[in-house]
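To start, the structure itself, in structure tokens.
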Amino acid sequence: MARPLTGALVKGVDPGSIAQRAGIVAQDRILAVDGHLLSDVFDWLWHSDSNQIELTLVRDDIEQRIELDRSKNDDEDWGIEFDDMLFDGTRTCANACAFCFMDQLPEGLRESLYLKDDDYRLSFFEGNFITLTNINDDDVARIIEQHLSPLYVSMHAIDPQVRKRLIGSAGDRGLEVFQKLVAGGIEMHVSIVLVPGINDGAVLDETLEFLEWYRPSVKSVGIVAVAYTQYTEDIAGETPRSFDDQLLSAHVIEQVQSYQFRSRESTGQTWVYLADEFYIYAHAPMPTSEWYDDYPQYENGIGIVHTYVEDIRAHLDQLTDAIDELEEGSEILTIVTGELTTDTMLGTLSALHAGSKIRLLPIKNQFFGGNVKVTGLLTGIDIVSAINYDNQRLDVPTNYVIPWSIFNDDELTLDGYTPQMIADAVDAPVIFVADDAVGLLEAIKEVSP
Ligand code: SF4
């Protein structure tokens, strides 16, 4: 019977490498190293960490064995490049989260946006948050043996009923795996998506106390406010709502502060961090840099606004000098931003004494609606229509500054616009820059006389 084609597809071999000398070629499919089947690049690294290995591979449907030897130079790389990091595909989730953003998307977006990945390999490698609910005991043993640590884990709540309500019936398995991983020496950064009336208040206290108990294995906790779109009918049976209420957010800040103070007192680290939106909605000052430690939850959207403001502050002289060079009295640059950061951006422009030379265009996210207000989730269609509407009403021409954060690595917005498509569709000049101080400097220099 033919063996199923699993294993690692070779994309290429480095010229002059051991692999090339041994005759490995692109399109070979490596099934095993020393008899160990390979499911991903971590298996490859783990099992090939030796000076002599035997590969089982398939070429032209014929299985063969090839020996590789680097005993003369044990630093030498084998020289094999693989087609993908996950040889057996991305694992998808086993959950039915009440707030799953993927279920709240309109139809017709790029297929990859609907992929519900929940793969511990991507958690280890890219920092994707996973729920641990689709991990079997073999996976647990493998994670511990290969020490795939730290992992990034969504916890949300530890109360079984609340977990069931938020994640679905697989929630218990996630907790079981969490405890096994901790016992096996795996460290974790934890995320909590906070839903008002469901896992805040006393439920949040219970969750944080549980996670505190598992320190130092739980290296950090990030709390983010639930997001919903205009397509969300309900969240766990409740009317969709989040923390865009001053008192509600202020209450969360106060509640979490007691854990933060306690942690700083005992370890010098804040340990539990709140997402930027809580401070924005509460009209509270952002914490200091020291409070964010080494920004362990930055990829979870925690500390981004603070980092931006600090970056502008660090480049204040350069920016104000560059703005001074701009002509007086005209709205030369217009910065596109999401609604959430309007006040922060206005404060920044005021600190830069930009006067009337630089203005802001906060754009409402009509595409997703709901409480989606961050710049990075703005779509091409909303940006184009907002710029064209704004531009028609201006007496003087302006240049629109669009942040790169609206594009993914393939330079596509969520609704598939490229920078060129946006530039072609608007009736004014556009400048694409990074949303940091250097990006702003670049934009200013581009329009300087
Ligand atoms: S684990 Fe993530 S992808 Fe899966 S249902 Fe929950 S939120 Fe959605």
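The values are calculated or read from the model by the stated rules, or taken from the named source; none is laboratory data. In this text, all values refer to a predicted model and were calculated from it rather than measured experimentally. Cβ: placed from backbone, ideal geometry, glycine included. Neighbour counts: every protein chain shown. Side chains included, ligands, DNA and RNA excluded: accessible areas come from the protein's heavy atoms. Shrake-Rupley method; radii C 1.70, N 1.55, O 1.52, S 1.80 Å.
List pairs: first in region 146-170 and open to solvent by 10 Å² or more (accessible area, probe 1.4 Å), second more than 12 Å from the ligand (Cβ to nearest atom) and part of a strand (DSSP E or B), Cβ under 7 Å, 6+ apart or cross-chain?
As it stands, the answer is 150/188; 150/189; 150/219; 152/189, since those pairs meet every condition given.
Go through (1) out of contact with any strand residue (DSSP E or B) (no Cβ under 8 Å at 6 or more places or on another chain); (2) open to solvent by less than 30 Å² (accessible area, probe 1.4 Å); (3) modelled with pLDDT of 90 or more and name the single condition residue 342 misses.
Looking at each condition in turn, residue 342 falls short on (1).
Determine whether region 70-89 contains at least one residue that is closer than 30 Å to residue 222 by Cα, within 14 Å of the ligand (Cβ to nearest atom) and part of a loop (DSSP other than H, G, I, E, B).
no
At least 1 residues that are within 14 Å of the ligand (Cβ to nearest atom) and farther than 16 Å from residue 207 by Cα in each: list the helices (runs of 4 or more DSSP H) lying fully within region 95-175 that qualify.
Because the criterion is at least 1 residues that are within 14 Å of the ligand (Cβ to nearest atom) and farther than 16 Å from residue 207 by Cα, the helices (runs of 4 or more DSSP H) in region 95-175 that meet it are 120-126.
Can you tell me which residue in region 176-200 is nearest to the chain's Cα centre (by Cα), limited to those that are touching a residue at least 24 places away in the same chain (Cβ under 8 Å) and open to solvent by 20 Å² or more (accessible area, probe 1.4 Å)?
My answer is 193.
Read through the list (1) touching a strand residue (DSSP E or B) at 6+ places or on another chain (Cβ under 6 Å); (2) free of Cβ contacts under 8 Å to residues at least 12 places away in the same chain; (3) aromatic (Phe, Trp, Tyr), then give the number of the only condition that residue 243 fails.
It fails just one condition, (2).
Select, from 358, 302, 323, 332, the only residue that is buried (at least 21 other Cβ atoms within 10 Å of the Cβ) and within 20 Å of the chain's Cα centre (by Cα).
302
Within region 43-57, can one find any residue that is surrounded by fewer than 16 Cβ atoms within 10 Å (Cβ to Cβ), in a strand (DSSP E or B) and within 36 Å of the chain's Cα centre (by Cα)? Break it down into steps so the answer makes sense when it comes.
Going through region 43-57, the residues surrounded by fewer than 16 Cβ atoms within 10 Å (Cβ to Cβ) turn out to be 45, 49-52, 54.
The next check asks that each one be in a strand (DSSP E or B); those that pass are 52, 54.
If we keep only those that are within 36 Å of the chain's Cα centre (by Cα) as well, we get none.
No, because not a single residue in region 43-57 is surrounded by fewer than 16 Cβ atoms within 10 Å (Cβ to Cβ), in a strand (DSSP E or B) and within 36 Å of the chain's Cα centre (by Cα).
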